[in-house]
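The structure follows.
The values are calculated or read from the model by the stated rules, or taken from the named source; none is laboratory data. Predicted, not measured: the structure shown is a model, and the values here were computed from it. Positions of Cβ are backbone-derived with ideal geometry, glycine not excepted, and every protein chain shown enters the neighbour counts.
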Amino acid sequence: MAHKPRKRFGQNFLVDHQVINQIISTIAPKRDDNIIEIGPGKGALTFPLAEYLEHLSVIEIDRDLISILEAQNNQKISIYNSDALAFDFNQFSEKLRIVGNLPYNISSPLLFHLLNYKDNIIDMTFMLQKEVVERIVASPGSKSYGRLSVVMQAFFDAELMFIVPKDSFDPQPKIESAILYLKTKSIPLVQNLKPLENIVKLAFSQRRKTLKNCLKSKLNQSQTKIDLSQRAEMLTLENFVTLMNDYEKQNRN
Ligand code: SAM
């Protein structure tokens, strides 16, 4: 069946078998794992991965691709024709391992959507734009360190596994990709996402300015042990938790 790749669904299909095998090695599937693949496309990763599993669930938005997947008549695979951004990942009873070569245009909102289900997720292996992976795994002091790094690392141990060249895809994307492995922390740095998101957003609102400037009247130096003459990019995850708690104390309604 011919399928014209749709830009609006971020369709760049994997055609490099070596990369597919490397992704499967990163996932290290076990037969009874409850794996959910987001955006299976024509099944480049789906069918080789299913070989290792008793069962695999996939979520695909594009109806035309659903027909291509269904035509294989693979009894191990359950196909959901849904938007992953609106998908209820709590509908599965067992803990999940989530994988996917994600559509780049929705990668950040999708990661934030998945954060809502973190207690039900063992780990996630994703192909993403290399630059986004670098931001997620970045350490304090680096230019990639920002909101996404702090929020994701508060809940997951994050690792850039390997770079995937453009010519591994058809059509070729304009940017390089990388494989990201996220393992849910057994003890997250914070319980709730919202207060952390709030402080991180404020702190990074003007990257080049000091924390004192970004936090303005909402928190002054006498109200926190964190040195507010620094920029947000110098703060460790633990520093952000301290800052969050101090900020919450001052700004409770
Ligand atoms: N996994 C395939 C591969 O590696 O060849 C396809 C990867 S392609 C980069 C992204 C896939 O995600 C496409 O099949 C696209 O239709 C699908 N997709 C895009 N937006 C989606 C959404 N909101 N929910 C579910 N799938 C989506």
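For the structure I just gave you, tell me whether Leu85 is closer than 20 Å to Thr26 by Cβ, under 24 Å from the mean Cα position of the chain (by Cα) and not basic (Lys, Arg).
Judged against the criteria, Leu85 is not a match.
Specify which of the listed residues (Asn116, Asn120, Asn90) is at negative phi, assigned by TED's automatic domain parsing to the domain that holds His55, over 11 Å from the mean Cα position of the chain (by Cα) and within 16 Å of the ligand (Cβ to nearest atom).
Criteria check complete, one pass: Asn116.
Considering each residue of region 74-92, count those that are exposed (fewer than 13 other Cβ atoms within 10 Å of the Cβ) and assigned to a helix (DSSP H, G or I), and give that number.
Of the residues in that region, 3 qualify.
Quick check on Gln129: is it away from the ligand (no atom under 13 Å from the Cβ) and either touching a strand residue (DSSP E or B) at 6+ places or on another chain (Cβ under 7 Å) or closer than 26 Å to Gln22 by Cβ (or both)?
No: the conditions fail for Gln129.
Read through the list (1) surrounded by fewer than 19 Cβ atoms within 10 Å (Cβ to Cβ); (2) at pLDDT 95 or above; (3) closer than 22 Å to Val150 by Cα, then give the number of the only condition that Phe126 fails.
Only one criterion in (1) surrounded by fewer than 19 Cβ atoms within 10 Å (Cβ to Cβ); (2) at pLDDT 95 or above; (3) closer than 22 Å to Val150 by Cα is unmet by Phe126, namely (1).
Does region 111-123 hold any residues that are surrounded by 21 or more Cβ atoms within 10 Å (Cβ to Cβ) and over 12 Å from Thr184 (Cβ atoms), and which are they?
Leu111
State whether one or more residues within region 197-220 are in the same structural domain as Gln18 (by TED's automatic domain parsing) and among the β-branched types (Val, Ile, Thr).
No, every residue in region 197-220 fails to be in the same structural domain as Gln18 (by TED's automatic domain parsing) and among the β-branched types (Val, Ile, Thr).
In addition: Can you find even one residue in region 42-61 that is at positive phi, assigned by TED's automatic domain parsing to the domain that holds Asp167 and either more than 10 Å from the ligand (Cβ to nearest atom) or out of contact with any Ser or Thr (no Cβ under 8 Å at 6 or more places or on another chain) (or both)?
Scanning region 42-61, I find at least one residue that is at positive phi, assigned by TED's automatic domain parsing to the domain that holds Asp167 and either more than 10 Å from the ligand (Cβ to nearest atom) or out of contact with any Ser or Thr (no Cβ under 8 Å at 6 or more places or on another chain) (or both), so the answer is yes.
Looking at (1) assigned by TED's automatic domain parsing to the domain that holds Lys166; (2) surrounded by fewer than 18 Cβ atoms within 10 Å (Cβ to Cβ); (3) more than 12 Å from the ligand (Cβ to nearest atom), which one does Ala2 not meet, given that it meets all the others?
(1)
Something else now. Would you mind finding the one in Ala71, Ala28 that is surrounded by fewer than 14 Cβ atoms within 10 Å (Cβ to Cβ), closer than 24 Å to Pro165 by Cα, in the same structural domain as Leu102 (by TED's automatic domain parsing) and aliphatic (A, V, I, L, M)?
Exactly one residue qualifies, and that residue is Ala28.
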